[in-house]
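Sharing a structure with you now.
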Amino acid sequence: MIVDDGSPDGTGGIVKSLMKEFSDRLYILERTGKLGLGTAYITGFKWALQHKYEYIFEMDADFSHDPDDLDRLFEACANGADMSIGSRYTKGGKVVNWPWDRIFISKGGALYTRIITWLPVHDPTAGFVCYRSHVLSRVPLDKVHFVGYAFQIEMKYRIWRLGFKIKEVPITFRDRNEGVSKMSKNIVKEAIYGVWKMRGFSNEQ
C-alpha cells in the first residue's frame, strides 16, 4: 500500500502502471496536498484494518529500511510480540551514512523521550514497525495528535500504555541515496513539546 500525497516525482503514475502486473498485492491511496506523515500512516492503517489484514507494517519508501528485515519484524510478532520495531539503537542496531550531528540529535531525542515518558523503547522515533491488527484496533486513531516524527513516539507510547508487548529488532538504517529529508524546525518543536503532552493522553476509544 502506497499512500501518496501528491508526490511531484511521478510516484502515482509508476505505482498505477505496476498495479497492472501486481493487481492482487499492490495498492495506492492518493491524497491532495502534503497532509503530514502521521495522517498518511493513519489513512493506511484504517485501510488495512478495513481489509482485515492481521499484520500491518510501516516503513520508509526510500530504502533506508531494508525490505529483507520485514521477515524479522513479522517473526517477532508471530512469536508473541504485539508490536515489533526495527530499532537503530537497541543492541545490534546501527546507522550508516548519517552525519554525526543527525545521529546526535536522533539519539539525544530518543533519550529525552525515554526520560520524560518512561517509554521502554530505545528508538521511539523509528518508522519501521509491525503491528498486530488487534493492537491498532485498540488505538483511537482519530485522536492521535501529532503528524511529524512525534507521531511515531505517540503510537508507541499509546500502545505501551495499553499494556501491549513491544519487541525491538536490531536493524541497520542507511541514509537515503536520493531525495531530501522532510525534517524541519516545526517537526523538531512538535517532538520536543509533544512528549510532555503525551503523558496526559487517554487511550479511551
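Only one of these is modelled with pLDDT under 95, surrounded by 13 or more Cβ atoms within 10 Å (Cβ to Cβ) and either in a helix (DSSP H, G or I) or under 16 Å from the mean Cα position of the chain (by Cα) (or both): 12, 86. Name it.
So the residue among 12, 86 that is modelled with pLDDT under 95, surrounded by 13 or more Cβ atoms within 10 Å (Cβ to Cβ) and either in a helix (DSSP H, G or I) or under 16 Å from the mean Cα position of the chain (by Cα) (or both) is 12.
Looking at segment 62-75 only, could you name the residues that are buried (at least 21 other Cβ atoms within 10 Å of the Cβ) and farther than 23 Å from residue 108 by Cα?
73 - this is the single residue of segment 62-75 that is buried (at least 21 other Cβ atoms within 10 Å of the Cβ) and farther than 23 Å from residue 108 by Cα.
Could you pull out the residue among 59, 19, 83 that is in contact (Cβ under 8 Å) with a residue 40 or more places away in the chain and under 16 Å from residue 2 (Cα atoms)?
After applying the criteria, what remains is 59.
Which ones in segment 99-125 are among the acidic types (Asp, Glu) and surrounded by 13 or more Cβ atoms within 10 Å (Cβ to Cβ)?
Scanning segment 99-125 gives a single hit, 123.
Being assigned to a helix (DSSP H, G or I), at negative phi and touching a Gly at 6+ places or on another chain (Cβ under 7 Å) narrows it down to one residue among 60, 69; which is it?
Residue meeting the stated conditions: 69.
Would you check which residues across segment 89-117 are modelled with pLDDT under 95 and part of a loop (DSSP other than H, G, I, E, B) and list them?
97, 98, 99
Still on this structure, please answer the following. Going through segment 22-58 one residue at a time, which ones are modelled with pLDDT of 95 or more and of a type in the set (Asp, Glu)?
Answer for segment 22-58, where residues must be modelled with pLDDT of 95 or more and of a type in the set (Asp, Glu): 54, 58.
The values are calculated or read from the model by the stated rules, or taken from the named source; none is laboratory data. These figures come from a predicted structure and were not determined experimentally. Neighbour counts run over all protein chains shown; Cβ positions are idealised from the backbone, glycine included.
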